[in-house]
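FYI, it's all coordinate maths here, none of it is from the lab. In this text the structure is predicted, and so the values were computed from the model without any measurement. Glycine gets a Cβ as well: all are built from the backbone with ideal geometry, and neighbour counts include every protein chain shown.
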Amino acid sequence: MQNKNIKWAALVPELVVSDLTASLQFWCDYLGFTILYDRKEESFAYLVLGEAQVMLEQYDPTDRTWETGLMEKPYGRGINFQIEVEAVTPILERLQQANYSLFIPLEERWYRADDIEFGQQQFLVQDPDGYLVRLIEDLGEREKK
């Protein structure tokens, strides 16, 4: 493992992917995650970016499976994974250099929570299997308008 002092997240999604190599290119090369550890013999990788953690495992229909329905793209319908990063600009630049399409372009959004609003620069992109990922940069908070 690269970092034995990691604080393990309480919630870590494990995403079934169709091609681990393509997924690692997206998650690591474009989004900036690093592989904390992997099990190549199981086509599995545990990734980390700041405090965000995600597991990727290549689909193998002959192995024990936790499928709850037919595996067809886009995977993960009805969910998006929000990941807070220090800055969205470097990620956007890497995606643009790779000619990778965004699902929703960069926008500033403010979300109400009782009497305050939380702001973020955000954009959404789909990984190679269609999982929707929302990258956000924190803009702080303000009183509700």
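Cross-link partners among lysines for LYS7, C-alpha distance below 24 Å, same-chain residues fewer than 8 apart left out? Those lysines meeting the cut-off are LYS40. With viscosity set to 1.306 mPa s and temperature to 10 °C, compute the Stokes-Einstein D of region 83-145, Rh being the Kirkwood radius across alpha carbon pairs; µm²/s, no decimals. It diffuses with D of about 127 µm²/s by this estimate.
For trypsin sites (Lys or Arg not before Pro), the sites in region 1-61 that DSSP calls loop and that have at most 12 other Cβ atoms within 10 Å are LYS4, LYS7. Computed over region 29-145, relative contact order equals 22 percent, with contacts defined as Cα pairs under 8 Å that lie 6+ residues apart. Listed by chain and number, the aspartates and glutamates whose alpha-carbon sits under 19 Å from that of LYS73, ignoring those within fewer than 8 places in the same chain, are GLU14, ASP19, GLU57, ASP60, ASP127, ASP129. Residue separation of LEU102 and ILE35 scaled by 0.36 nm, minus their Cα-Cα distance, works out to 21.7 nm of gained length. For the chain, a/c is not less than 1.5, where a ≥ b ≥ c are the root eigenvalues of the C-alpha gyration tensor, and a/b tops b/c. That puts it in the prolate class. Under 10 Å, Cα contacts only: if you run a Gaussian network model on the chain, which one of TRP27, TRP110, TRP66 comes out with the highest mean-square fluctuation? Highest fluctuation among the options: TRP66.
Given R₀ = 30 Å, what would the calculated FRET efficiency be for ALA87 paired with ALA9, taking r from the Cβ atoms and rounding to 0.05? So, using R0 = 30 Å, E works out to roughly 0.90.
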